[in-house]
Amino acid sequence: MPRMIVSKDVVSADAGVAPGRPPDSSRSSAPLRRFAWFVLAYNVLVILWGGAVRATGSGAGCGNQWPLCDGAAIPQSPQFHTLIEFTHRLMSGGALILIVALLIWTWRTTRKGHLARWSAAIALVLVINEAFLGALLVTVAAHTASPATAVLLFSCHLTNTLLLVAALALTPEFLSSARLRTTTALRHGSLIFPSLGILATLLVGVSGSLVALGETLYPSSSLLAAIRQDFSPAAPLLLRLRWIHPASAFIAGAFVVWLLVQSFRRTAPSKTRVLGIAVLSTLIAQYLLGVFDVLLQAPTWLQIAHLLGANIFWIVLVLLTASYCLVEASPVSGEIAPELHT
């Protein structure tokens, strides 16, 4: 059986850690992994609450001020929409605190060059950018007369959110396999399709949220009326962009099928197969939820369920893509070794 060459700085899980390096022991890493999964789950909850803000029309619940809400740090005698929006802001602040704690704990527990350090650091940058883009949406988009500007800011915000979820999902994954930058390489010749697929899936997520926003702002009396709006030159920009969502979903679905075939052909570990089954199952569920969303005219509870499914699908897709694209390599020769995914 082929063996992977490792340097003196790389120590197996059974051999302990090199002198002077922070320990990656099971006692220290297991609680950290659980905390990393908790931070991911909490951020998904924040996203779902943001979906409730959009679905209930509470985006202007705190007015056009940020970080103040109706001119105060804590709103006085808040109404329903104010409570929804203010709660979302509080939850977002909690997400920032948790990600800072995750980065510090990861940095103190893992050794230099551990990929979890990179993903946790990227998550911190993205959550700060999330707050910045959220502030722009509240302040700038509320004063602009250009629908295109508002759509652009909203799209950037949603893209940043999905990238944040991806970084948070990769952190516990990297912690579970003790991946180091010096012993991890990208699979040669197999990055074009995964990159295009991830971009297509990002477009699906962003366009889906734009569709939901359009349905909230411009509700239709019937399915036939909604279809007519899609092709009407007089319809608002958000409605005329709805076709992007099913088109990108078709492209992303084709990529997922390709990724599943390639993953099952080239890798044998049960973890990869479990991820593949999870991706396929959530993809089918998302297609079904999307159909019901259209037929039932997007009730709030179904929008939230569809959003939850989208986040679960995105998480398992990112993990499967990483499992397929990231392989162990010798730090000495740089050659890719057989897949050793756990």
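The values are calculated or read from the model by the stated rules, or taken from the named source; none is laboratory data. Since the structure is predicted, the reported quantities are computational estimates derived from the model, not experimental observations. Counting neighbours? That spans all protein chains shown, and the Cβs are built from the backbone with ideal geometry, glycine included.
Among the residues of region 64-85, those that are surrounded by 16 or more Cβ atoms within 10 Å (Cβ to Cβ) and either without any contact (Cβ under 8 Å) to a residue 40 or more places away in the chain or of a type in the set (D, E, K, R) (or both) comprise Cys69, Asp70, Pro75, Pro78, His81, Thr82, Ile84, Glu85.
The rows are residues; the columns are (1) modelled with pLDDT under 90; (2) farther than 17 Å from Val39 by Cα; (3) in a helix (DSSP H, G or I).
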site: Cys62; (1), (2), (3): yes, yes, no
site: Ser77; (1), (2), (3): yes, yes, no
site: Leu96; (1), (2), (3): no, no, yes
site: Arg108; (1), (2), (3): no, yes, yes
site: Arg111; (1), (2), (3): yes, yes, no
site: Ile122; (1), (2), (3): no, no, yes
site: Ala141; (1), (2), (3): yes, yes, yes
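Within region 86-105, one or more residues are without any contact (Cβ under 8 Å) to a residue 60 or more places away in the chain and basic (Lys, Arg).
The rows are residues; the columns are (1) touching a Lys or Arg at 6+ places or on another chain (Cβ under 7 Å); (2) basic (Lys, Arg); (3) at pLDDT 90 or above; (4) not assigned by TED's automatic domain parsing to the domain that holds Phe255.
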site: Leu296; (1), (2), (3), (4): no, no, no, no
site: Gln303; (1), (2), (3), (4): no, no, no, no
site: Gly309; (1), (2), (3), (4): no, no, yes, no
site: Thr321; (1), (2), (3), (4): no, no, no, no
site: Val327; (1), (2), (3), (4): yes, no, no, no
site: Ser333; (1), (2), (3), (4): no, no, no, no
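Going through Gly57, Gly50, Gly93 one at a time, which residue ends up being crowded, with 19+ Cβ neighbours inside 10 Å, out of contact with any Phe, Trp or Tyr (no Cβ under 7 Å at 6 or more places or on another chain) and closer than 17 Å to Leu137 by Cα? Spell out how you get there, then give the answer.
Values: Gly57 fails: crowded, with 19+ Cβ neighbours inside 10 Å; Gly93 fails: crowded, with 19+ Cβ neighbours inside 10 Å.
Step by step, each of Gly57, Gly50, Gly93 is checked, and only Gly50 is crowded, with 19+ Cβ neighbours inside 10 Å, out of contact with any Phe, Trp or Tyr (no Cβ under 7 Å at 6 or more places or on another chain) and closer than 17 Å to Leu137 by Cα.
There is at least one residue in region 47-57 that is at pLDDT 75 or above, in a helix (DSSP H, G or I) and among the basic types (Lys, Arg).
Across region 95-118, the number of residues qualifying as under 30 Å from Gly59 (Cβ atoms) and in contact with a helix residue (DSSP H, G or I) (Cβ under 7 Å, 6 or more places away or on another chain) comes to 7.
Condition check: farther than 27 Å from Leu40 by Cβ, touching a helix residue (DSSP H, G or I) at 6+ places or on another chain (Cβ under 6 Å) and either assigned by TED's automatic domain parsing to the domain that holds Phe35 or in contact (Cβ under 8 Å) with a residue 12 or more places away in the chain (or both). Does Pro172 satisfy that? Spelling it out, it is not the case that Pro172 is farther than 27 Å from Leu40 by Cβ, touching a helix residue (DSSP H, G or I) at 6+ places or on another chain (Cβ under 6 Å) and either assigned by TED's automatic domain parsing to the domain that holds Phe35 or in contact (Cβ under 8 Å) with a residue 12 or more places away in the chain (or both).
Conditions tested, residue by residue: (1) in contact with a Phe, Trp or Tyr (Cβ under 6 Å, 6 or more places away or on another chain); (2) touching a residue at least 60 places away in the same chain (Cβ under 8 Å).
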{"site": "Ser248", "(1), (2)": "no, no"}
{"site": "Ser263", "(1), (2)": "yes, yes"}
{"site": "Lys271", "(1), (2)": "no, yes"}
{"site": "Leu275", "(1), (2)": "no, no"}
{"site": "Ser281", "(1), (2)": "no, no"}
{"site": "Gln286", "(1), (2)": "yes, no"}
{"site": "Val294", "(1), (2)": "no, yes"}
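Counting just the residues of region 19-33 that are out of contact with any helix residue (DSSP H, G or I) (no Cβ under 8 Å at 6 or more places or on another chain) and either at negative phi or at pLDDT 75 or above (or both), which one comes out surrounded by the fewest Cβ atoms within 10 Å (Cβ to Cβ)?
Keep residues of region 19-33 that are out of contact with any helix residue (DSSP H, G or I) (no Cβ under 8 Å at 6 or more places or on another chain), which gives 19-21, 25-27, 30-31.
After this cut, where a residue has to be either at negative phi or at pLDDT 75 or above (or both) as well, the list is 19, 21, 25-27, 30-31.
Numbers: Pro19: 5, Arg21: 15, Ser25: 12, Ser26: 10, Arg27: 7, Ala30: 12, Pro31: 12.
Ranking the candidates gives Pro19 first.
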